[in-house]
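The values are calculated or read from the model by the stated rules, or taken from the named source; none is laboratory data. What you see is a predicted model; the values in this text were computed from it and never measured. Don't worry about glycine lacking a Cβ; one is built from the backbone with ideal geometry, like all the others, and counts go over all protein chains shown.
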Amino acid sequence: MVLDEKDNRSPWEKIGDYFSANSVWMKWYCTGCGAIEMPPTMTSRFDMERLGMGPMATPRQADVLLITGYLSTKTLRRVIYSYEQMNSPRYVVGFGSCTVNGGIYYDSYATINRLDMYLPVDLYIAGCMPRPEAIMNGFAKLIDMIKKGEARGWRHYQENYEWYKKNQLDSLGEVIIKDEFHE
Amino acid sequence: MNSMNSMISDIKAALSPLETSEPAFRQIAAVVKPDGIHGALAYLKNKGFTQLCILTCIDWIEDSQFELVYILFSWTDGIHIQLRARIDREKPFFTTVTDIFPGARYYEREVHEFFGVEFCGNEDLYKPLFLELWDDIPPLRKDFDPQAYSDSKFPMRENANEFLSMTGGGDDE
Amino acid sequence: MNEVKLFLGPQHPGMHGNYSVHMYVDGDIINKSRPTPGFLHRGFEKLMERRLWMGNLALIPRICVPEPDINEMVYAMGVEALAGIDVPEKAHWIRMLVLELARIAVHTMSLGFIGGPTGMYTATYWAIAQRDLILDLFEELSGARIYHMYIIPGGVRKDLPDGFAGHVLEKMAELETKLPEFGELILKHPVIHARAKDNIMLPAEVVWELGVTGVGMRSATGLANDLRKVKPYARYDEVEFEVPVAVYSDALTRLNLKFREIYQSISIVRQVLEKMPADGPVNVPVSPGNALRWTVPAGMVYAAVESSRGEYGYFIVSDGREKPYRIAVRGASYPQGLLGIEKYLKGYRIDDASLWMDTMGVCSPEIDR
Amino acid sequence: MNAMNFVYGFLVLVAVFIFQTTLTGINRKVTARLQKRYGARWYQQFLDIFKAMRKDSTSHGWVFDFGVIMALGGIMATVIFIPVAGFEAFPGLDNVFVISYLLAVGMLGMAMSAAGSGNPWASIGVARALTNMLAYDIPLMIVIFTMIFAFDSASVGELAAMQQGMGVLGWNAVRMPLGGIVAVIALLGMLGKKPFDSFIAPAEIASGPMVEYGGKHLGFMFILHEFMTFIEVSLILNLFFGGGATIWEYMLKYAVLYTFTTIISGVMPRFKIDQAVKYFYRVPLAMAVVQGLVVIFTGLGVKIWF
């Protein structure tokens, strides 16, 4: 994701980014064990809604896809599918060390090692698993990035679609499962 | 509550196991011949061992054998039993025990998926359960190397700073 | 008849965790359902064969995310049985303390999560905040909120910090003042009664057929089938507690049972703090030299504890080397999460499917491993 | 009817949007306080709507797009006919029947659009929404017909004006207490508040009709929802709680009534759809029928009143 240094957004885009930054809806998809720290972040103690963030039921409605921890190949297929259903601008946040380099599952046959090979990650939150404070901090950073126009992973994905698709196919074999019922 | 000793002698008399032992507190291990498993499970179920805790498998690659393990529990006596039998690794066929313990169905599917042991009579055996589009030998066999598989399929990150340099971030924080 | 195929999960707000139930529905009624596990499959059983006996400590808590301590406990119990290690008296009591606190945390959370399928979000918000207080205790004890790695073979990692007992008692007292609120909000609410009563039934014969344990078994059969009573581990035979039972298992009964188990656990925590020896070692060295080169004698053993969802066990095989030869995990929610969903969800409504996941206690990471 | 009416109509729409959206934001804060947390900013709902309007969106064919426009048009047309504190953009057209039929255009547009998305969850959601409508409409309509019969008028503005001047005692909710209770319960059903929100339940059918909406489509749906809320609350407010003599009184009453429904919904789980129908056809329907019989045969509360 190479950023061009100067801010060449039009005034309308700047206003749009202001709205996007202050109303970030996340996709409710618990892909891994980091999801256990999401309820405390959402609920009364840390209260994510202060930042304008809230869970959304379907990928169409959501702005940010949270990858909460390790991704098995079976999940990654659904995650890619979900990501492609989301409407741009869309953002991806990787949780925990497993999304960075495989973490404790570096030699597992079922989990991937690097999330940014398959999806354009805008922000990583380190930790195994990240504490709610770290998650809140990461979200504040994401909001800041959106406001400044730095979170452009979705544009990068559009521009380098072939590269991402090639990586996905290399690792997964097939991205979309035709018959999930196995019949 | 039957005592452990009487239970062990009962088992010895009824199942004629190859070997019995007491690996832990209130736990009995009995090794039987593969064709004796069915009868042994039925006998033990009548004796009060109504719960199948787990059905699993061990890959003894040096002996070229699979060892099937059935662990039963009796809630009335508080005793666990490990019932074990070895089958040939090259011809891993066995019969299903779902007629005695219906709950074994998914355990058998799991063992089939992870070890390749085929349980005749379990109709769902060939549907994938945990793995999807699996393209290698069953992963829990000892000759499967997950590190090699992971290296060939899922690229690692080459160096730690790569992501930071890619996004141009990392300086302001 | 016009059947529609539907995926309930993996990315569905009604699903707890990454799990999927595929179903054929006719209108709102489920005609056929099939569980689809494997979204969280990490190959734990293979990875554990590749780690040292001590190195596995970092891996095992991640098998069951909401209640990680049971993993450490069964692993420690199994390895101690294989290696013939005698655990010091005080370590037993500290282990019980940790396990019961974890049980309270899980039950509180699962009571709150009833808010998901039924729409009672206020209950969820309150309950998660209560659970956080217990996570604070864990943080004080072990330095981590979720994955503690506190119970190790040979005892526990270190002694209780100063003043910890006082903090525990404070939190327990606070929890006891809050619990009646939950009772009022959840268990006595007429709409919850409408949703959960006589719904998601679990008859006694189904319990024996599937092999369901834990709250499901106790609510259906009326037997106090709790491993803490039937086959006591640690020092559960020296504390007094009741096992709540019922003979009619609908979703509401199971919720009630969980609610009553929280009170029992609070009482156990109090007794533990009272009866625990004041001092003494909390762990024994497992090997004379380098623990990383520690070998466990060959053997096969099955260790099981009572988790919040039922019997949770490890089958551990050692061939006498530095790494385990094989470890098989018996996830407590295996029967109700797989065969139960396949056979007994039929005839209920779409709305009830997530109620099944919730009240039966289906924990997807321990099914997938 | 001249050009000024249309200008008024447009101004009404703008004012209603700002007022209702602000109130929704404040109500999100009320819910948050009920759940012991801080909650979103009061203007969060505006940010959400404008953010959604800014995003790209995915179309699922012309039925999907056209349904949204049709629903929004129908609902916006309805808003203009609602009398607010004696003010009407198009005087004389505030008949109950006009409003309920225009509302149906909006509802149908939504149903059409959601079904056009082809998602099975959306179809289930639409089926549930229509069932829910059928459930609350019958008791509510019985009460409203009773009122029309008793006061010899079907004009919402006139019915509201008739209740003013006697203070609280003039309200239809007090004159017909059972009918008032039915109206508030039906309002919960109309607004899709818990316990009657099974048609948009996220944990059951992944937010039902809204499942395929994203970006601008979702933004339109949000605006539509704000207008719809205004129509529904205003209808009940005008018919049962005396509307308002001044605009400030009207706004205050409106805010209280709407916040009341929010608080109720904050401590309620949701009924399953069959249970919701059973509930409406049992308690509120019986109450509505009793109320109708009392008013028609004894005149208690209408002819006999202080």
**OP:** Mind listing whichever residues of segment A:72-103 are under 13 Å from residue A:32 (Cβ atoms), more than 12 Å from the chain's Cα centre (by Cα) and outside any helix (DSSP H, G or I)?
**Re:** A:72, A:102
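Is it the case that residue C:35 is within 12 Å of chain B (Cβ to nearest Cβ) and touching a residue at least 40 places away in the same chain (Cβ under 8 Å)?
Details: within 12 Å of chain B (Cβ to nearest Cβ): yes; touching a residue at least 40 places away in the same chain (Cβ under 8 Å): yes.
When the stated conditions are applied, residue C:35 passes them.
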Subject >> residue B:110 buried (at least 22 other Cβ atoms within 10 Å of the Cβ) and in contact (Cβ under 8 Å) with a residue 12 or more places away in the chain >> reply: yes
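Which members of segment B:67-102 meet the condition of being among the aromatic types (Phe, Trp, Tyr) and within 11 Å of another protein chain (Cβ to nearest Cβ)? So that I can check it myself, show each step before the final result.
Within segment B:67-102, the first condition is being among the aromatic types (Phe, Trp, Tyr), and the residues that meet it are B:70, B:73, B:75, B:93-94, B:101.
Across segment B:67-102, the qualifying residues are B:70, B:73, B:75, B:101.
Here is a check on your reading of the model: is residue C:18 of a type in the set (S, T, N, Q) and touching a residue at least 40 places away in the same chain (Cβ under 8 Å)? Walk me through it before giving the result.
Values: of a type in the set (S, T, N, Q): yes; touching a residue at least 40 places away in the same chain (Cβ under 8 Å): yes.
Yes.
Only residues that are facing chain A (nearest Cβ under 7 Å) and part of a loop (DSSP other than H, G, I, E, B): list them for segment D:42-55, please. Steps first, please.
As a first pass, look at segment D:42-55 and keep what is facing chain A (nearest Cβ under 7 Å): D:44, D:47-48, D:50-51, D:54-55.
Within segment D:42-55, just D:55 meets the criteria.
Only one residue in C:308, C:249 is touching a residue at least 60 places away in the same chain (Cβ under 8 Å), assigned to a loop (DSSP other than H, G, I, E, B), closer than 30 Å to residue B:107 by Cβ and polar (S, T, N, Q), so which one is that?
Working: C:249 fails: touching a residue at least 60 places away in the same chain (Cβ under 8 Å).
Going through C:308, C:249 in turn, just one is touching a residue at least 60 places away in the same chain (Cβ under 8 Å), assigned to a loop (DSSP other than H, G, I, E, B), closer than 30 Å to residue B:107 by Cβ and polar (S, T, N, Q): C:308.
Only one of C:282, C:245 is in contact with a Pro (Cβ under 9 Å, 6 or more places away or on another chain) and not polar (S, T, N, Q). Can you tell me which?
Numbers: C:245 fails: in contact with a Pro (Cβ under 9 Å, 6 or more places away or on another chain).
Result: C:282 is the single residue among C:282, C:245 that is in contact with a Pro (Cβ under 9 Å, 6 or more places away or on another chain) and not polar (S, T, N, Q).
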**OP:** Filter segment C:197-252 for residues that are surrounded by fewer than 24 Cβ atoms within 10 Å (Cβ to Cβ), within 20 Å of residue C:104 (Cα to Cα) and among the hydroxyl-bearing types (Ser, Thr, Tyr) and give the result.
**Re:** C:233, C:236
Subject >> Subset of segment C:270-305 (residues that are free of Cβ contacts under 8 Å to residues at least 24 places away in the same chain and part of a strand (DSSP E or B)) >> reply: C:300
Original post:
Within segment B:117-141, how many residues turn out to be within 14 Å of chain C (Cβ to nearest Cβ), over 25 Å from residue A:170 (Cβ atoms) and surrounded by fewer than 18 Cβ atoms within 10 Å (Cβ to Cβ)?
Top reply: 3
**OP:** Name the residue, out of D:222, D:199, that is under 24 Å from residue D:101 (Cα atoms), surrounded by fewer than 23 Cβ atoms within 10 Å (Cβ to Cβ) and either at pLDDT 90 or above or of a type outside the set (Ser, Thr, Tyr) (or both).
**Re:** D:222
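Quick check on this structure: which one of D:131, D:146 is at pLDDT 85 or above, under 30 Å from residue C:16 (Cβ atoms) and either in a helix (DSSP H, G or I) or of a type in the set (Ser, Thr, Tyr) (or both)?
Values: D:146 fails: under 30 Å from residue C:16 (Cβ atoms).
So the residue among D:131, D:146 that is at pLDDT 85 or above, under 30 Å from residue C:16 (Cβ atoms) and either in a helix (DSSP H, G or I) or of a type in the set (Ser, Thr, Tyr) (or both) is D:131.
Might you let me know whether segment C:237-253 holds any residue that is within 14 Å of chain B (Cβ to nearest Cβ) and closer than 30 Å to residue D:267 by Cα?
yes
This table checks each residue for (1) modelled with pLDDT of 85 or more; (2) more than 29 Å from residue A:74 (Cα to Cα).
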| site | (1), (2) |
| --- | --- |
| C:17 | no, no |
| C:64 | no, no |
| C:71 | yes, no |
| C:96 | yes, yes |
Original post:
residue C:279 versus (1) under 30 Å from residue C:297 (Cα atoms); (2) at pLDDT below 85: which is the lone unmet condition?
Top reply: (1)
Original post:
Which of the following residues is over 27 Å from residue C:192 (Cβ atoms), within 11 Å of another protein chain (Cβ to nearest Cβ) and under 20 Å from the mean Cα position of the chain (by Cα): C:325, C:314?
Top reply: C:314
**OP:** Please find, within segment C:197-212, the residue that is nearest to residue C:312 (Cα to Cα) out of those that are more than 9 Å from every other protein chain (Cβ to nearest Cβ) and either without any contact (Cβ under 8 Å) to a residue 12 or more places away in the chain or assigned to a helix (DSSP H, G or I) (or both).
**Re:** C:207
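Restricting attention to segment D:149-162, which residues are within 19 Å of residue D:103 (Cβ to Cβ) and part of a helix (DSSP H, G or I)?
Result: D:156, D:157, D:159, D:160.
Across segment A:105-150, what is the total count of residues that are outside any helix (DSSP H, G or I), of a type outside the set (S, T, N, Q) and at negative phi? Break it down stepwise before answering.
At the first step, the residues of segment A:105-150 found to be outside any helix (DSSP H, G or I) are A:106-114, A:118-131, A:149-150.
This time we only want the ones that are of a type outside the set (S, T, N, Q), so: A:106-107, A:109-110, A:112, A:114, A:118-131, A:149-150.
Restricting the remaining residues to those that are at negative phi gives A:106-107, A:109-110, A:112, A:114, A:118-126, A:128-131, A:150.
Summing the residues that are outside any helix (DSSP H, G or I), of a type outside the set (S, T, N, Q) and at negative phi in segment A:105-150 gives 20.
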